[in-house]
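Below is one structure, written out as C-alpha cells, with a few remarks after it.
The values are calculated or read from the model by the stated rules, or taken from the named source; none is laboratory data. Just so it is clear, the structure is predicted and the values come from calculations on it, not from any experiment. Neighbour counts run over all protein chains shown; Cβ positions are idealised from the backbone, glycine included. Only protein heavy atoms, including side chains, enter the accessible area calculation; ligands, DNA and RNA are left aside. Shrake-Rupley method; radii C 1.70, N 1.55, O 1.52, S 1.80 Å.
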Amino acid sequence: MPQLQRSTGTFTFTQWDERPVAGEEGGVRITHAAVSNDFHGGIEATSSACQYTIAYLGGSGDGSYVGYEHIEGTLDGRRGSFVIEQRGSFVADGIECAFTVLPGSGTGELARLSGTGTFTAHHGEKSTPYTFDYTTGE
C-alpha cells in the first residue's frame, strides 16, 4: 500500500487577471480570474494555468470560489505535472482553501499521484504557506 507523505512550502501569486462575468460591483456578482503562481518548498514549480470562478456575495466581502490549477515541476524531487481542484471561501483576513489532485491528471514521475491539501492566504502577505498530503502510488 502506498505510504502517505506530507509536503509543505509556500506559493506566491505572480499574476492575477480578474474580469466580471455577471452582477454589479458592490453587489452579488461572479467573476473569472486567470492566475499564475510560483511554488517553493516541497513543490518547486510554476503554474501558469490556474483558472478561478469567484462568487462575491455583496459588499461584505463574503464569497467563495472554485478552480483548477495545472502545476508543472517537481514534488519532493519527482518531476512531472498534475492538476488540482480547489474550493475556497473568504474569511475575515483572507481566503481558506482545500484542494484535491484531479485523479488521472499526473504525468512523468507523478503519473499515479493522489492527494489533498490546504492553504490560508492572508491579506497583505506576499507568500502563502500550503500543506499537501499525498501518495505517488509507489
Under 7 Å between Cβ atoms, at least 6 apart or on separate chains: pull out the pairs that start in segment 92-105 with a residue that is assigned to a loop (DSSP other than H, G, I, E, B) and end on any residue that is modelled with pLDDT under 95. Asp93/His122; Asp93/His123
Return yes when Ser47 is without any contact (Cβ under 8 Å) to a residue 40 or more places away in the chain, closer than 14 Å to Phe90 by Cβ and among the polar types (S, T, N, Q) and no when it is not. no
All positions within segment 73-91 that are open to solvent by 40 Å² or more (accessible area, probe 1.4 Å), farther than 20 Å from Ala22 by Cα and small (Gly, Ala, Ser): Gly77
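Would you say Val101 is of a type in the set (Val, Ile, Thr), in contact with a Ser or Thr (Cβ under 8 Å, 6 or more places away or on another chain) and under 14 Å from Gly117 (Cβ atoms)?
yes
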The residue from Ile54, Ile71, Ile30 that alone is more than 17 Å from Ile95 (Cβ to Cβ) and aliphatic (A, V, I, L, M) is Ile71
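Being of a type in the set (Asp, Glu) and closer than 25 Å to Phe132 by Cα, is that true of even one residue in segment 41-56?
Yes, segment 41-56 contains a residue that is of a type in the set (Asp, Glu) and closer than 25 Å to Phe132 by Cα.
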Please enumerate the residues belonging to segment 106-138 that are assigned to a loop (DSSP other than H, G, I, E, B), without any contact (Cβ under 8 Å) to a residue 40 or more places away in the chain and open to solvent by less than 50 Å² (accessible area, probe 1.4 Å). Gly106, Leu113
Does any residue in segment 1-15 that is closer than 25 Å to Ile95 by Cβ and aromatic (Phe, Trp, Tyr) come within less than 8 Å, Cβ to Cβ, of a residue that is in a strand (DSSP E or B) and open to solvent by 80 Å² or more (accessible area, probe 1.4 Å) six or more places away or on a different chain, and which pairs are these? Phe11/His40
Any pair with Cβ under 9 angstrom, 6 or more apart, that starts in segment 62-85 at a residue that is over 14 Å from Ala111 (Cβ atoms) and ends at one that is open to solvent by 50 Å² or more (accessible area, probe 1.4 Å) and among the small types (Gly, Ala, Ser): His70/Ser48
Answer yes or no: is there a residue in segment 64-72 that is under 23 Å from Thr120 (Cβ atoms), open to solvent by less than 10 Å² (accessible area, probe 1.4 Å) and small (Gly, Ala, Ser). yes
